[in-house]
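The values are calculated or read from the model by the stated rules, or taken from the named source; none is laboratory data. Remember, predicted model here, so these are calculated numbers, not experimental data. Glycine also receives a Cβ, built like all others from the backbone with ideal geometry; neighbour counts cover every protein chain displayed.
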Amino acid sequence: MKRILFIIAFVQVAFLAGAQEIKFSGVSSHSKVAVGEQFRITYSINSNASGFQSPDLRDFNVLSGPNQSSSVQIMNGAFAQTLSYYYILSAKKEGKYTIDPAVITIGNGRIQSNSIIVEVGKSSQKSNPAATSANPNPTQTQASTNTSDRIFIRAIVNKSSVFLGESVSVTYKLYSKYNQINFSDLKFPTFNGFYTEEIEMGKNDKLEVEEYNGSNWYTAELKRSLLFPQKSGRLEIPALEATCLVREKTQSGQNFFDQMFGGGYRDVSVKIKSQPHNLEVLAHPNNGKPADFNGAVGAFKVEASVDKDNIKSGDAITYKVEVSGNGNLKLLEAPKLDFPVEFEAYDPQLKDNIRASESGTNGTRTFEYLLIPRAGGKYKLGPFTYSFFSTSKKAYQTITLPSIDISVAKTVGDQVVTNRSGTGSSPKQLASDIKFIKLQTPDLKPIDSEPFFLSIPFYSLSALPPLALILLLVVRSRNADRSSNKSLYRQKEAGGMAQKRLKHAGELLKTNNKDSFYEEIFRALYGYLGDKLQIPQAQLSKEFVAEKLLIKSVPSADIKELERLLSTCEFARFAPGAELNMSKVYDDTRALITSMEKYLKA
Amino acid sequence: MKKQILLLITLFSAFQLLATPAQDNVIKASEAYKKNDFAQAILLYQQVLEESKEHAPEVYFNLGNAYYKVTDYPNAILNYERATKLAPADEDILFNLSLANQKIEDHIEPVPELFYIRWFKGIRNLGDQDVWAILFLVVFSAAFGMLMLYFQANSSSKKRLGFYSSLGLFVFSAFVLTLAFSMHLKQSNHNEAIVFSGSVSVKSSPVEAGTGLFVIHAGTKVKITDELGDWLRIRIADGNEGWILSSDLERI
């Protein structure tokens, strides 16, 4: 670019050398442009100047500028200096625009340039981006077809297959046969599915020469990134796109100046793009995955420490876990540590000292857990474990952090607080897990075994109580039968029984045993009637018997006779002195029983 | 002769001491579980159930635990459900079942039951059907005992005691018999099932083209209310109904 300006400056110097008058002029590369088309405006002054004031360019997109360049030429003893400022612009809208003059300070005075008129037409679909390149020289507008062979971008990826979380570096490098390149548009890709870390590059803008595919190229690194895949599968590392201006030598010089300075040049806008790459991302193996693994990948050393190990309750201590090494340090999550429940634990703070390089991120990440013990005593912090996936061994590794003893002294205030809180606390629930298996030997039964309920034994057992009741009732009724049979029997035998008693009374009559005689007569009568009429002994009375006899249609004469005999017996028993005809009573009783037997037989 | 008898006696006692293969497997499985070898424990418990065809609530419970530990929650729930079916009053089983139910995708709000049904089920689940059957026999016999007292007693106060207490005991025995029947139905019916397919669309009709009404996921318990070929009509805890292929389910 400098060269172009140099030429312009030289042309101006050549024509205006004699005049030596100061001229500040503005020129546009195109007087007519299309919307979106790039063009350049240049302000040049042939003197030493400063304080360039930009014109109002609100109607245009300023793609680059103001850029400054200067050239000094000594020719035929004359000294010529040119200073120029240029912008690369693109038009926003159609129309005719007048760009106001720019102002520059020379010595004590200020000088204005001319205004520039630009006509903006409709954007032309046909226009080749390479052809509409920003070119200050109106004679050179066509790009050569082989430009893209002479300039390209390579994306260099250092691995083709990585594990999840393993770093991969990608470098976008420009290879060019041209040693002068201006980037007008550089689209850096976005890496989807990756965590990206930029690798800082040296501030070296110079092009380096490198041999590639058998020839020498000017090369420059455009971007260097470290990528950490966040999902497994096939991920794409996208291409980098750029539009740049290169200066191409024309085959034949057309005018004097071209030939004089080694041929003609033209500036060509080229769109270049690197090839996209595919990266195979492998998931971490499932077998042997430690429970505390949370995505750390690389090679790490882990250490734990505390700042104090002898404190008072209520004072804070810091438990520090320092992970150092090479790997996805920036993505490391704080390990979940189970501190004793008496310790109030706060979310850990992160401290990083991490550098990104092509081999991955190196350094340390420190997790600081602030802990405040709430009760005195001796406690152990840990042991804890920290697991990561080792990319070199392709296996999980677990580092055990040894336990650290902490002794906490009780403070007075602490006691007051616990006393105020009341009746102590129930054990804190730490986690929930299922109840352990039952270890007693089970009482195994065949799966198809029938339950007891509704089985034959069940039915038989439930039939037992009703059967027992029925049995009881049967026995009872049979007993009742037997007792009623007895009274029938007695009814049948009543006559005989009475005869027996009378016989006994006859014997008593012979021995003249009065008391026993009357008693026997009395018993013979009542016994006979009681059995015959089925009257219980207790209910026997003269009146009742008479009533019953009447029902049985015994003649009243017999009833009267009965009543007389009973009265006689009673009288004789309670008045022993009375003289009565014992044999008459005996005979009458015999006669009465015989008489009644006729009626009572049925 | 003496020797032969001795041999017979030793053989007999040896048989007594030797556990059955199923018991042996249960002991081995528990050992494997203690060593966190859950896959081996599952294998051994399954052998008891499938090859020896023997079961006990403890076997289902321990198998459920092993499945829980390998995060196979549908199988864990299935076995816990089978365990509660045999031992409805065991609180450990209910506890683990509720934990396993928290791990699955569906958390269906059940339709609240009327309070007396809840009470009835609460009482019923205190024992299995045989417990209720034995209690029934005891109460039933006592009722008849009191009836006998009524018939045999001489004094009217004893008769009254016999009459009223037998009446009360008869009512009680009827209640216990109801509990036994209810438990019997619950224990011998296989109309509940666990979903085993990861995600199932429940259809409005028993055809593949039926409208999908709602989606249930593995581990959810459903009640089977009807059957048509390969299709089962199911109801979930919130009362929603639909048709599902029988291959998506495993009956409890």
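Among the residues of the stretch B:173-200, those identified as of a type in the set (A, V, I, L, M, F, W, C) and within 14 Å of chain A (Cβ to nearest Cβ) are B:174, B:176, B:177, B:179, B:180, B:181, B:183, B:185.
Tell me, which residue of the stretch A:294-311 that is in a loop (DSSP other than H, G, I, E, B) and at pLDDT 85 or above is nearest to residue A:375 (Cα to Cα)? Selected residue: A:307.
Can you tell which of A:60, A:24 is closer than 27 Å to residue A:185 by Cβ, at pLDDT 80 or above and not assigned by TED's automatic domain parsing to the domain that holds residue A:184?
Working: A:24 fails: closer than 27 Å to residue A:185 by Cβ.
The conditions single out A:60.
Do we find that residue A:442 is loosely packed, with under 13 Cβ neighbours inside 10 Å, within 20 Å of residue B:61 (Cα to Cα) and at the interface with chain B (Cβ under 8 Å from one of its Cβ atoms) in this structure? No; evaluated as a whole, the condition is false for this residue. The set of residues in the stretch B:123-134 that are away from every other protein chain (no Cβ under 11 Å) and aliphatic (A, V, I, L, M) comprises B:123, B:126.
Here residue B:141 clears all of (1) under 23 Å from residue A:471 (Cβ atoms); (2) more than 9 Å from chain A (Cβ to nearest Cβ) except the condition numbered (2).
Of the residues making up the stretch B:96-120, those that are over 20 Å from the mean Cα position of the chain (by Cα) and within 13 Å of chain A (Cβ to nearest Cβ) number 2.
Checking the conditions here, which among A:597, A:519 is in contact with a Gly (Cβ under 6 Å, 6 or more places away or on another chain), within 30 Å of residue A:483 (Cα to Cα) and touching a residue at least 24 places away in the same chain (Cβ under 8 Å)?
Going through A:597, A:519 in turn, the sole match is A:597.
In this structure, residue B:165 does not qualify as facing another protein chain (nearest Cβ under 10 Å) and hydroxyl-bearing (Ser, Thr, Tyr).
Candidates in the stretch B:66-95 are the residues that are within 10 Å of another protein chain (Cβ to nearest Cβ) and in contact with a Lys or Arg (Cβ under 7 Å, 6 or more places away or on another chain); of these, the one that is nearest to residue B:195 (Cα to Cα) is B:95.
Determine whether residue B:243 is outside the structural domain of residue B:74 (by TED's automatic domain parsing), surrounded by 13 or more Cβ atoms within 10 Å (Cβ to Cβ) and either among the hydroxyl-bearing types (Ser, Thr, Tyr) or within 21 Å of residue B:110 (Cα to Cα) (or both). Answer is yes for this residue.
Scanning the stretch A:367-386 for residues that are surrounded by 19 or more Cβ atoms within 10 Å (Cβ to Cβ), modelled with pLDDT of 85 or more and not aromatic (Phe, Trp, Tyr) returns a single hit, A:371.
Every condition in (1) in a loop (DSSP other than H, G, I, E, B); (2) out of contact with any helix residue (DSSP H, G or I) (no Cβ under 7 Å at 6 or more places or on another chain) holds for residue A:314 except the one numbered (2). No other residue among A:546, A:538, A:524, A:575 is exposed (fewer than 15 other Cβ atoms within 10 Å of the Cβ) and either at pLDDT 80 or above or farther than 20 Å from residue A:497 by Cα (or both) apart from A:575.
Matching residues to (1) within 9 Å of another protein chain (Cβ to nearest Cβ); (2) of a type in the set (Asp, Glu); (3) under 60 Å from the mean Cα position of the chain (by Cα); (4) assigned to a helix (DSSP H, G or I):
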{"site": "A:462", "(1), (2), (3), (4)": "yes, no, yes, yes"}
{"site": "A:471", "(1), (2), (3), (4)": "no, no, no, yes"}
{"site": "A:474", "(1), (2), (3), (4)": "no, no, no, yes"}
{"site": "A:478", "(1), (2), (3), (4)": "no, no, no, yes"}
{"site": "A:482", "(1), (2), (3), (4)": "no, no, no, yes"}
{"site": "A:486", "(1), (2), (3), (4)": "no, no, no, yes"}
{"site": "A:493", "(1), (2), (3), (4)": "no, yes, no, yes"}
{"site": "A:499", "(1), (2), (3), (4)": "no, no, no, yes"}
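The helices (runs of 4 or more DSSP H) falling completely within the stretch B:79-178 that include 2 or more residues that are buried (at least 20 other Cβ atoms within 10 Å of the Cβ) and in contact (Cβ under 8 Å) with a residue 24 or more places away in the chain map to B:91-103, B:129-152.
Tally the residues that are more than 7 Å from chain A (Cβ to nearest Cβ), under 16 Å from residue A:445 (Cα atoms) and part of a helix (DSSP H, G or I), restricting the search to the stretch B:50-65. I'd like the intermediate steps shown before the answer.
Quick first cut of the stretch B:50-65, residues more than 7 Å from chain A (Cβ to nearest Cβ) only: B:50-52, B:57, B:60, B:63-64.
Subsequent filtering for residues that are under 16 Å from residue A:445 (Cα atoms) retains B:50-52, B:57, B:60.
Those left that are additionally part of a helix (DSSP H, G or I): B:50, B:57, B:60.
Adding up the residues that qualify gives 3.
Every test in (1) at pLDDT below 80; (2) under 11 Å from residue A:83 (Cα atoms); (3) over 60 Å from the mean Cα position of the chain (by Cα) is passed by residue A:43 save one, and that test is (1).
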